[in-house]
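Please read the structure below before turning to the comments.
FYI, it's all coordinate maths here, none of it is from the lab. Note that the structure is a prediction, hence the values are computed from the model and not measured. FYI the Cβ positions are ideal-geometry reconstructions off the backbone, even for glycines, and counts take in every protein chain you see.
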Protein chains: 2
Amino acid sequence: MDYRYVLRQLGVLFVVLGASMVFSLAWAVGDYVRGNPKEMPAIIAFLSGMAICLVLGGAAYAFGKTSRTGLGRREALLLVGVSWLAGAGLAGLPFYFWAKLQTSLDHVSPFSQYVNCYFETMSGLTTTGASILTNIEACPPAILFWRAFTHWLGGLGIIVLFVAVFPALGVGGKRLFRIESPGPTPEGVRPKIRETARALWLIYLLLTLIEASSLRLCGMSWFEALSHTFATLATGGFSTRNASIGAYDSVAIEGVIIFFMILAGVNFGLYYQIAQGRLTNVLKDRELRVYLGIIAVASCIIIASLYGRTVMTTEENHVGPSLGTAVRYGLFQTVSLQTTTGFCTAEFDHWPFIAKCTLLILMFIGGSGGSTGGGIKVVRIIMAAKIIWAELEKVFRPNVIRPIRVGRAPIDPDLRLATLVYVCIILFLFAAGTILIMLCQEFGKPIDIDTAATAAAATLNNIGPGLAEVRATANYGFFSAPAKIVMSLLMVLGRLEVYAVFVLFMPRFWRSE
Amino acid sequence: MDYRYVLRQLGVLFVVLGASMVFSLAWAVGDYVRGNPKEMPAIIAFLSGMAICLVLGGAAYAFGKTSRTGLGRREALLLVGVSWLAGAGLAGLPFYFWAKLQTSLDHVSPFSQYVNCYFETMSGLTTTGASILTNIEACPPAILFWRAFTHWLGGLGIIVLFVAVFPALGVGGKRLFRIESPGPTPEGVRPKIRETARALWLIYLLLTLIEASSLRLCGMSWFEALSHTFATLATGGFSTRNASIGAYDSVAIEGVIIFFMILAGVNFGLYYQIAQGRLTNVLKDRELRVYLGIIAVASCIIIASLYGRTVMTTEENHVGPSLGTAVRYGLFQTVSLQTTTGFCTAEFDHWPFIAKCTLLILMFIGGSGGSTGGGIKVVRIIMAAKIIWAELEKVFRPNVIRPIRVGRAPIDPDLRLATLVYVCIILFLFAAGTILIMLCQEFGKPIDIDTAATAAAATLNNIGPGLAEVRATANYGFFSAPAKIVMSLLMVLGRLEVYAVFVLFMPRFWRSE
């Protein structure tokens, strides 16, 4: 293992992370200049955070070394795993410093405990959106801007950004991208990784500009429009309001956000293909069709189950019963949970069993491979279903060998096994996470199994809200510190598709070959 | 598909089933002669049941045909699936007739609803042990004897018995056995299937005689000793007492039953090997070691969690706290649930979370392959763990190909995929079963998710008792008829290891080749 090369790359990453705080700092300064004295602690917090990132990053860079052989597979895995685990530690510093410095709140900010800052930042960088904040609106805009910005950074992957911006990685970058990019086969994102990554970055930026402008037109301030755009495109879910999107009570805003959530859950490789003019490829894409089909079917089930009932919004108003209400709130929550965004307009914990159950299944399905969405991914669900069906048929027709395809691409036996292994690991982590969270709470506030299970599902699949005590209008603040660490680990395991984190715990990974 | 050959074999099966009622009939007659007038309805019930079985079976045999080609794969699958689904329907008739005829109860017997008879018999034949009876002791001995006997019939598989007793099946028998015998590779049970099946049947009979005599020596009557032996060796769990084994409050009886439950959860192929003098093979068996290891570790966890607490027995007495109590009740429930028997001496629904959680995990692990136990099976758990570990290692060492072995036998890629597919299907059925049970209860007594989930787990894995509303001291009587049908299906799916039942729902299975 070439530790010093990994250290050098980590150094670069930390410097970039520190530098990216400049936007939030600028926001804080601007706000302060415009007459908001509450931003002063935030200014100091960002300056301190940046200083620490730059010093640590610079030191790591200086102490590290370039490698003649480039980035090896194990080095790439180590870099990815550590960059998220340590990155969340550094990116959480502004929250911590701000909480210690601020004097304007009438309560102690949850951020004054470092474990809360770590949880919140990990939730941001992994685009989960689970929050420990009880009163989001008590935080100054610059802090909330940074919180949303961690989504954006995590969104397409800070490492993809990294690959696009710093071409120094060379051939190793391809391996890195392979690990980083969510989903098993980001079709069309294979050749010339550096150019592709740059194109993806531009697409991401373009979508950001379009959505932010649209939200601005719908009546949000630029601050709110940008923050919610970051959270939408990254399928994150952090809002600047306590009542999430429900606070705006605007059909236009909800419509824009539904549209962009759906876009964010699509394989970004398809946008790259559109940019290259290969539109027919995109329209024929099997995963895209199934993804849209699932949204359509699930929406119908949920809307039907809500029909004739009143819906409680996240503002705790009871609306309806009417078909309009059922469609409006049902569709929003379906898209939000399927794409693993986690924005809320209604308290779905009060919905009928069939609706909650459908939402929970959607949480495990998640977005498309190669999107910013979490979950198991639609393409893997398609593959797993086909593999299982083929195995069942093999029982009575052992000699018929049928190739399994997704679209035109046949799936080789290695990928079949890997797909099922992945599904099993996710279900295992879900069960293990639930048990660990329950056990961690034995020494804290007791919780029921619904809370533990949906908290595990919502963090592992990078959604945010769950049911019961972690429902849409609640938050994760009450959990004990060990439970928060377990959930942070679930978030990063889900986001990095297990492998890059799991291998760090295998003794053989660390042994020299 | 050669339907008429399948019909002929089904006919033979129904005749055997009817004939097997003769023991219960004899018991009823004996009891009646000794002066128990309550047995008269049972006598009539058994006679009617036998008559129907013999007439139906005879008609099917007469209308069916022998086949020149022997039993094909699809015919074998159809025969296995239908024999359990229809067998439970016929074997439940004595319960139904008895309930309609009896006049001695002060309440309406649950058996007067046919769906309850079907559920109870399916639970018996699949060696599950989930009961719809609230007051077991209100039934006359002959009815309870038949109830326990369905376990024994199901135990090693009525089809294995079938293969041993009726050699007419010829080469097809091997295929049948392959499907019927639980577990993927019953080592040593391969050559000369007919002789092996007969040997297994003798071993089963021998174990029955030894356990029944032991229980008789411990103070049970022959009726109780035989009934509990049937339930133990089949890992069933039906008792003749409302409080299950806890009713006897006897350490000796519990000890004997623990010992034989452990034996029943072992691959019966190993006993065949012992009979052939290959003891060293048996001692080296990987699955056996892991199986015993799991029991040991799980017992320690559960005993530790019970230490210092009082335990409520199934007689609803509070005993302890003492180390002795923790060991006695902890060990019994661990072995009972790991082997998927489902006998109870204590109400484990009141135990601490860690104990309940361990028991639930054991329910999914289950017994060894080739045993009468249910669950996923120890050998599959070993394989799945090794496959997943190897896949993780492949991420950073893609070029190292390590053969995966259980004991000395390497696992080929086909079996790897099949193993993971099986695990995924079981988890899928567990989730689907839970949801369906919840939905079926929307129109009946509302239940919580703990009840639905553990009811699904306890029926799918062929255990019997679960938690909450289906805890040790409760029963399945309150469920709505649709929920009972769902659970009957889960039982047969779990018992036949999915395939033989699942394929019946695939359109391609029915199409001629």
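I want the local charge near B:Val311. Using Cβ-Cβ distances under 9 Å, sum +1 for each Lys or Arg and -1 for each Asp or Glu among the other residues.
Details: positive: B:Arg309, B:Arg328; negative: B:Glu347.
Net charge around B:Val311: +1.
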request  = Could you order peptides A:9-18, A:490-499, A:330-339, A:275-284 by the average number of other Cβ atoms within 10 Å of their residues, highest first?
outcome  = A:330-339, A:490-499, A:9-18, A:275-284
remark   = Relative contact order of chain B (C-alpha contacts under 8 Å, at least 6 apart) in percent is 16
request  = At a Cα cut-off below 19 Å, give the lysines reachable from B:Lys394, other chains included and same-chain residues fewer than 8 away excluded.
outcome  = A:Lys174, B:Lys386
message = Under 16 Å between alpha carbons, and skipping anything fewer than 8 positions from B:Lys377 in its own chain: which aspartates and glutamates qualify?
response = B:Glu180, B:Glu187, B:Asp285, B:Glu287, B:Glu497
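Just counting partner chain Cβ atoms within 10 Å, what average do the residues of peptide A:360-366 show around their Cβ? List each step's numbers first, then the result.
On the way: counts 2, 2, 0, 0, 1, 0, 0.
For this peptide, the per-residue mean of nearby foreign Cβ atoms is 1.
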ask   = For the protein assembly as shown, what is the mean residue ellipticity at 222 nm derived from helices alone (per DSSP H run of n ≥ 4: -39500 (n - 2.57); sum divided by total residues; nearest 500 deg cm²/dmol)?
value = -20500 deg cm²/dmol
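Tell me whether region A:200-308 comes out rounded, prolate or oblate; compute the Cα gyration tensor, take square roots of the eigenvalues as a ≥ b ≥ c, and use a/c under 1.5 as the rounded threshold. Walk me through the numbers on the way to the answer.
Numbers: a/c = 2.48, a/b = 1.16, b/c = 2.13.
Oblate shape, in that a/c is at least 1.5 and b/c is the bigger or equal ratio.
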remark   = Rounded to a whole number, the mean other protein chain Cβ count within 10 angstrom for residues of A:383-390 is 3
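Given that compact globular proteins tend to follow 2.2 N^0.38 Å, what is the ratio of the alpha-carbon Rg of chain A to that value?
Numbers: Rg = 22.2 Å, N = 513, 2.2 N^0.38 = 23.6 Å.
Ratio of Rg to 2.2 N^0.38 Å for chain A: 0.94.
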query = Long-range amide H contacts for B:Gly444: which residues qualify at under 5 Å (H placed 1.01 Å from N, peptide plane, sequence gap of 5 or more or a different chain)?
reply = none
task = Identify the residues of region B:89-123 with backbone N under 19 Å of a label point that sits 7 angstrom from the Cα of B:Ala59 along the Cα-to-Cβ direction, or state none.
result = B:89-94, B:97
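Which whole number of Å³ per residue matches the convex hull of the alpha-carbon atoms in region A:1-150?
Working: hull volume 15.0 nm³, N = 150.
Dividing the Cα hull volume of region A:1-150 by its residue count gives 100 Å³.
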Calculated from backbone phi, Karplus (6.51, -1.76, 1.60) coupling profile of region B:281-297 in Hz, x at Gly/Pro = 3, 5, 5, 7, 4, 5, 5, 4, 5, 5, 4, 5, x, 4, 4, 5, 5
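Considering only the other residues whose Cβ falls under 14 Å of the Cβ of A:Ser214, what net charge follows from Lys and Arg at +1 and Asp and Glu at -1? Mind dumping the intermediate values first?
On the way: positive: A:Arg216; negative: A:Glu211, A:Glu224, A:Glu254.
Residues close to A:Ser214 contribute a combined charge of -2.
Note down the relative contact order for region B:1-131 as a percent, whole number, built from C-alpha pairs under 8 angstrom at least six residues apart. Each step should come with its number before you reach the end.
Details: 158 pairs, mean separation 40.8, N = 131.
RCO, region B:1-131: 31 percent.
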ask   = So which lysines pass the test for B:Lys445, namely a Cα distance under 22 Å, with those fewer than 8 places away in the same chain ruled out?
value = A:Lys356, B:Lys484
query = Ordered by residue, what ³J(HN,Hα) values in Hz, to whole numbers, does region B:120-131 give under the Karplus form 6.51 cos²θ - 1.76 cosθ + 1.60, where θ = phi - 60° and Gly and Pro are x?
reply = 5, 6, 4, 4, x, 5, 8, 6, 7, x, 6, 10
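Write out the GluC sites (Glu not before Pro) in region A:308-402 meeting two conditions: DSSP loop, and at most 13 other Cβ atoms within 10 Å of their Cβ. Let's see the in-between values first.
On the way: sites: A:Glu315, A:Glu316, A:Glu347, A:Glu391, A:Glu393; in loops: A:Glu315, A:Glu316, A:Glu347.
In loop regions of region A:308-402 (DSSP not H, G, I, E or B), the sparsely surrounded GluC sites (Glu not before Pro) are A:Glu316.
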inquiry  = Using the Kirkwood radius over C-alpha pairs as Rh, can you work out the diffusion coefficient of region B:382-513 via Stokes-Einstein at 25 °C, viscosity 0.890 mPa s, in µm² per second?
reply    = 143
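From other protein chains only, count the Cβ atoms within 10 Å of every residue's Cβ in B:393-405, then give the mean. Don't jump to the answer; show the numbers that get you there.
Numbers: counts 4, 5, 12, 15, 6, 2, 1, 2, 0, 0, 0, 0, 0.
That average works out to 4.
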request  = Return the sequence-ordered ³J(HN,Hα) values of region A:327-334 in whole Hz as given by the Karplus equation 6.51 cos²θ - 1.76 cosθ + 1.60 applied to θ = phi - 60°, using x for Gly and Pro.
outcome  = 5, 4, 7, x, 4, 4, 5, 4
key: Potential extension, B:Phe505-B:Leu202 segment - 0.36 nm per residue separation minus Cα distance   = 105.5 nm
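What ranking do A:424-436, A:84-96 get when scored by the average of other Cβ atoms within 10 Å per residue, highest first?
On the way: A:424-436: 19.7, A:84-96: 23.2.
Most protected by this proxy first, the peptides run A:84-96, A:424-436.
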ask   = With a sphere of radius 15 Å drawn around the Cβ of A:Val115, what net charge do the other residues whose Cβ falls strictly inside it have (Lys, Arg +1; Asp, Glu -1)?
value = +1
note = Once amide hydrogens are built 1.01 Å from N within the peptide plane, the residues lying 5 or more places from B:Ala346 or on another chain with amide H under 5 Å from its amide H are B:Thr314
task = Between chains B and A there is a rotation axis; tell me the chain B residue with the nearest beta carbon and how many whole Å away it sits.
result = B:Leu420, 2
task = Would you list the P(r) distribution for the protein assembly as shown, with all Cα-Cα distances sorted into 20 Å bins from 0 and each bin expressed as a whole %?
result = 13, 40, 32, 14, 2, 0
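Counting other Cβ atoms within 10 Å, keep those with at most 16, restrict to DSSP loop, and tell me which trypsin sites (Lys or Arg not before Pro) in region B:398-437 are left. Could the numbers behind the result be given before it?
Numbers: sites: B:Arg405, B:Arg408, B:Arg416; in loops: B:Arg408.
Within region B:398-437, the qualifying trypsin sites (Lys or Arg not before Pro) (loop, at most 16 other Cβ atoms within 10 Å) are B:Arg408.
Below 8 Å between Cα atoms, with a sequence gap of 6+, how large is the relative contact order for region B:272-406 in percent?
On the way: 166 pairs, mean separation 26.0, N = 135.
19 percent.
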